[in-house]
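Encoded as structure tokens, the structure appears first; notes follow it.
The values are calculated or read from the model by the stated rules, or taken from the named source; none is laboratory data. What you are looking at is a predicted structure, and each value in this text was computed from that prediction instead of being measured. FYI the Cβ positions are ideal-geometry reconstructions off the backbone, even for glycines, and counts take in every protein chain you see.
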Amino acid sequence: MKLQPRFNAPRQIVATYAGPKSEGKAQDGMVSVNWMIDPPVDRTEALSHGMLSYLLAGNPAAPLRKALTESGLGEGMTGGGIGSGLRQPMASFGMKGIDAADAEKVEALILLRLAQIAEQGFPADQLEAAINTFEFSLRENNTGSYPRGMTYMFTAMGTGCMAGIRSSRWPLRGLWRASKPRRPRGISAEEISRLFLDNSHRTTVTLSADPEQGAREVAEEVARLAAVRQGLDGAALEAVVAETEKLKALQESVDDPAELAKIPTLTLADLPRESRTLPIEIGTLADTKLFYHDLPTLGIVYLDLGFDLHVLDKELLPYLPLFGRALLQTGTSKQDFVSLTQRIGRSTGGIAQHRGLSARQGSDGSAAWFFLSGKAVPDKHEEMLAIMGDVLLDARLDNRERFRQMALEEKAGFETRLVPGGNAIVDTRLKSGLTEAGWIAEQSGGVSYLGFLRDLVQRIDSDWASVEAALVRIRDTLFQRGHMVVNVTADGSLWGRAKGEIESFLGRLPNGTPAFADWSVDLAPKSEGLIIPAQVNYVGKGANLRALGFELTGASSVALKFLNTTYLWDKVRVQGGAYGGSSRFDLTSGNFSFLSYRDPNLLKTLDAYDRAAKALNAGIGESDLTRSIIGVIGDIDGYEFPDAKGYSSMWRQLTGTTDAIRQQRRDEVLGTNAADFKRLAEAVDAVARHGHVVVLGGEAAITAANETRPWLLKVSKVL
């Protein structure tokens with residue numbers, strides 16, 4: 001199709017970002033095509049914009065996303081369509097991991113594919129799948145861990161504040177559809193043309209990596225500050241020093257207790273003493289372990305199929321994230337992945353895969369599971385189960401080209417997450433040398449996993465036979481009923497209808513019981529400096545407290561809450577300038593870690609961690625203790641949607657966390673006293689002396705730290 005003259009030349013922005021140059025071809029660029037669009041005039045148009053975004057790029061089979069990922073121009077798509085969270089809406093589509101010289105090709109492909117879609121329209125199956133997906137979402141209104149009432153409030157506020165949308169007496173009118181919605185008016189060639197093709201408010205932004213960019217920015221800042229310094233006379237310098245000292249004094253001052261007392265708060269008497277329990281029936285179905293939870297689910301059946309990962313050889317574990325994606329995104333022998341995606345959208349509220357990983361109570365081992373989860377209304381149960389059976393047993397694991405695309409997306413996505421999610425990367429790396437669960441998490445989601453992905457991308461081309469063989473081994477070994485669990489969450493009337501269908505489905509799965517594999521590894525924590533092109537650091541220090549001889553209680557969570565909201569907040573964030581500083585402790589595994597987020601410091605932050613025991617030993621006032629207890633109980637009693645309640649109840653069974661253990665921990669929290677703070681202080685002091693350090697950050701900061709404290713960190717480059 002030939003581009004029409006209406007594609008007027010947009011504003012072009014070409015810039016660099018601080019990042020490493022790739023070896024060989026420079027696949028280090030990013031390009032995005034962006035539009036400013038008119039705010040929606042009502043809720044129907046806002047819903048239409050959301051559905052249009054989903055149709056164009058909201059899933060791997062969407063035509064614009066598919067065209068970009070299959071083009072070979074880059075490693076993954078950026079942007080996702082129309083953003084609705086701003087007063088001035090924006091739309092954006094693009095690619096990352098491109099050769100910057102191919103930016104014009106990416107731009108042309110995006111415009112051409114939009115023009116083709118406007119001319120040809122969306123296939124009927126795709127429209128039906130999108131409408132069902134949106135209808136299911138509106139009916140379910142699953143707000144996750146966020147209370148529904150607050151979601152309604154903020155949605156209403158957003159609707160009322162958006163100019164052009166006229167609020168009715170009920171601002172949420174139009175969100176709920178009791179029957180299948182008709183095709184939204186925005187899904188048309190005219191609307192695609194108005195929003196994108198004929199819209200002159202378009203900008204194309206091209207970015208390319210420049211290893212020297214960070215150094216230049218630092219040098220420019222130093223020069224700018226030096227120029228400011230030269231322009232200051234003696235009096236001005238004294239004023240700056242005085243103002244800095246005043247700010248420092250304010251940062252270090254203690255809030256007036258009388259002022260704090262004015263803030264309304266709960267009391268300990270307001271807190272329930274009993275731990276919440278959830279309904280659960282444990283049995284078997286078709287010789288398979290069954291957990292059933294009778295909860296009100298608005299006419300929806302939630303189903304989790306769990307498979308114990310301990311049957312897999314340990315060298316297969318890094319494949320799991322991509323293996324899970326391949327089940328749902330490679331198609332089957334009867335359907336390509338586009339048709340399969342549309343089938344899932346038409347018949348269910350979604351089918352997803354994920355891994356569950358945790359230490360087990362009273363054990364050095366781990367709970368490690370692969371889950372395939374689905375949700376559907378009663379007349380779609382059978383079709384949902386048919387789809388789940390197809391993806392479990394008949395996924396096209398030989399689809400080399402599609403698997404290559406997913407591997408490139410996974411690698412590019414991981415590299416993109418390194419900086420914004422650096423504290424999670426550091427936490428995973430810290431714990432990889434402490435427990436089995438920590439080691440598995442690193443293999444399938446840490447820095448080691450990134451190394452695996454980089455090697456895998458090469459092996460897909462050079463040794464595809466071994467890659468495919470590994471994927472088939474996982475499927476043939478894992479999907480056996482002998483080490484499987486079934487988790488169902490639904491009200492009783494729905495369960496009575498679905499039970500027979502699920503039993504029949506289970507009977508069609510292989511009924512083997514593979515032996516557990518040997519996962520023995522040398523858990524050897526070490527201190528590391530992981531270099532990325534960044535001007536900030538993510539600084540972690542941790543240890544396994546149980547290995548150091550400490551057995552803490554639920555009351556330790558209260559002391560930890562106080563430490564996070566006072567000492568670490570003040571020292572690492574307020575005074576240290578980091579975006580965040582915290583500590584974490586897992587009672588089940590015994591793992592403890594300090595973490596900072598977007599931190600300009602390194603050694604200064606480590607010193608703050610090492611002085612944390614002194615802060616705990618300083619004692620706590622009655623009001624601070626009460627606030628900390630209330631905060632921990634709030635975390636324990638966090639809001640859960642019915643599907644999350646059912647999943648949580650199952651996961652407690654798999655990790656050995658009984659109701660008695662939960663009640664004991666709650667009693668310990670509510671009974672926290674000064675001795676518990678002293679006990680945690682002793683453990684934290686042991687971390688200061690024996691813990692290991694992991695830093696993800698800039699080369700200059702890590703090098704300077706090793707020069708000041710020789711051999712502090714073993715250095716390697718991550719990006």
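Below are the figures for this structure:
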{"quantity": "Matching option when the condition is within 24 Å of residue 537 (Cα to Cα) and in contact (Cβ under 8 Å) with a residue 12 or more places away in the chain, among 197, 207, 266", "calculated": "207"}
{"quantity": "Test: residue 57 is of a type outside the set (Val, Ile, Thr) and under 24 Å from residue 330 (Cβ atoms)", "calculated": "yes"}
{"quantity": "Any hit, the range 415-425, residues being modelled with pLDDT under 95, aliphatic (A, V, I, L, M) and closer than 24 Å to residue 329 by Cβ", "calculated": "yes"}
{"quantity": "Candidates 568, 603, filtered to the one that is among the aliphatic types (A, V, I, L, M) and either more than 26 Å from the chain's Cα centre (by Cα) or modelled with pLDDT under 95 (or both)", "calculated": "603"}
{"quantity": "Test: residue in the range 218-225 that is within 30 Å of residue 81 (Cβ to Cβ), in a helix (DSSP H, G or I) and either at pLDDT below 85 or in contact with a Leu (Cβ under 7 Å, 6 or more places away or on another chain) (or both)", "calculated": "no"}
{"quantity": "Residue 417 vs. criteria surrounded by fewer than 19 Cβ atoms within 10 Å (Cβ to Cβ) and under 30 Å from residue 597 (Cα atoms)", "calculated": "yes"}
{"quantity": "Per-region count, the range 55-87, residues part of a strand (DSSP E or B) and of a type in the set (Gly, Ala, Ser)", "calculated": "5"}
{"quantity": "Where a residue in the range 384-406 is charged (D, E, K, R) and its partner, wherever it lies, is in a helix (DSSP H, G or I), with Cβ under 7 Å and at least six apart", "calculated": "398/468; 400/460; 400/464; 402/329; 402/337; 404/460"}
{"quantity": "Subset of the range 621-638 [assigned to a loop (DSSP other than H, G, I, E, B) and within 28 Å of the chain's Cα centre (by Cα)]", "calculated": "637, 638"}
{"quantity": "Leading residue by the ranking (farthest from residue 468 (Cα to Cα)) among those in the range 315-362 that are among the charged types (D, E, K, R) and assigned to a helix (DSSP H, G or I)", "calculated": "346"}
{"quantity": "Every residue from the range 88-115 that is over 17 Å from residue 56 (Cα atoms), of a type in the set (Gly, Ala, Ser) and part of a helix (DSSP H, G or I)", "calculated": "100, 101, 103"}
{"quantity": "Residue check, residue 134 modelled with pLDDT of 80 or more, within 21 Å of residue 643 (Cα to Cα) and either among the acidic types (Asp, Glu) or surrounded by 11 or more Cβ atoms within 10 Å (Cβ to Cβ) (or both)", "calculated": "yes"}
{"quantity": "Residues of the range 420-462 satisfying the condition of being crowded, with 20+ Cβ neighbours inside 10 Å and part of a loop (DSSP other than H, G, I, E, B)", "calculated": "432, 433, 434, 435, 446"}
{"quantity": "Lone unmet requirement of (1) closer than 30 Å to residue 710 by Cβ; (2) under 29 Å from the mean Cα position of the chain (by Cα) for residue 547", "calculated": "(2)"}
{"quantity": "Residue match in the range 7-28 (condition: among the aliphatic types (A, V, I, L, M), modelled with pLDDT of 75 or more, assigned to a loop (DSSP other than H, G, I, E, B) and closer than 25 Å to residue 89 by Cα)", "calculated": "no"}
{"quantity": "Unmet criterion (only one of (1) surrounded by 18 or more Cβ atoms within 10 Å (Cβ to Cβ); (2) closer than 19 Å to residue 133 by Cβ; (3) touching a residue at least 60 places away in the same chain (Cβ under 8 Å); (4) of a type outside the set (S, T, N, Q)) for residue 323", "calculated": "(2)"}
{"quantity": "Any hit, the range 556-572, residues being assigned to a helix (DSSP H, G or I), over 23 Å from residue 630 (Cα atoms) and assigned by TED's automatic domain parsing to the domain that holds residue 609", "calculated": "yes"}
{"quantity": "Any hit, the range 603-620, residues being over 26 Å from residue 537 (Cα atoms), of a type in the set (Ser, Thr, Tyr), touching a residue at least 60 places away in the same chain (Cβ under 8 Å) and part of a helix (DSSP H, G or I)", "calculated": "no"}
{"quantity": "Lone qualifier among 248, 262, 289 - being among the basic types (Lys, Arg), farther than 25 Å from residue 646 by Cβ and not in a helix (DSSP H, G or I)", "calculated": "262"}
{"quantity": "Filter pass, residue 215 being without any contact (Cβ under 8 Å) to a residue 40 or more places away in the chain, more than 30 Å from residue 90 (Cβ to Cβ), within 38 Å of the chain's Cα centre (by Cα) and assigned to a helix (DSSP H, G or I)", "calculated": "yes"}
{"quantity": "Conditions (1) under 30 Å from residue 589 (Cα atoms); (2) within 25 Å of the chain's Cα centre (by Cα); number of the one not met by residue 326", "calculated": "(1)"}
{"quantity": "Filter result for the condition that a residue is touching a Leu at 6+ places or on another chain (Cβ under 7 Å), surrounded by fewer than 19 Cβ atoms within 10 Å (Cβ to Cβ) and either farther than 30 Å from residue 63 by Cβ or charged (D, E, K, R) (or both), over 284, 277, 265", "calculated": "284"}
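Here's the yes/no breakdown for (1) among the β-branched types (Val, Ile, Thr); (2) in contact with a Phe, Trp or Tyr (Cβ under 7 Å, 6 or more places away or on another chain); (3) in the same structural domain as residue 292 (by TED's automatic domain parsing):
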site: 604; (1), (2), (3): no, no, no
site: 612; (1), (2), (3): no, yes, no
site: 636; (1), (2), (3): yes, no, no
site: 642; (1), (2), (3): no, no, no
site: 650; (1), (2), (3): no, yes, no
site: 657; (1), (2), (3): yes, no, no
site: 683; (1), (2), (3): no, yes, no
site: 710; (1), (2), (3): no, no, no
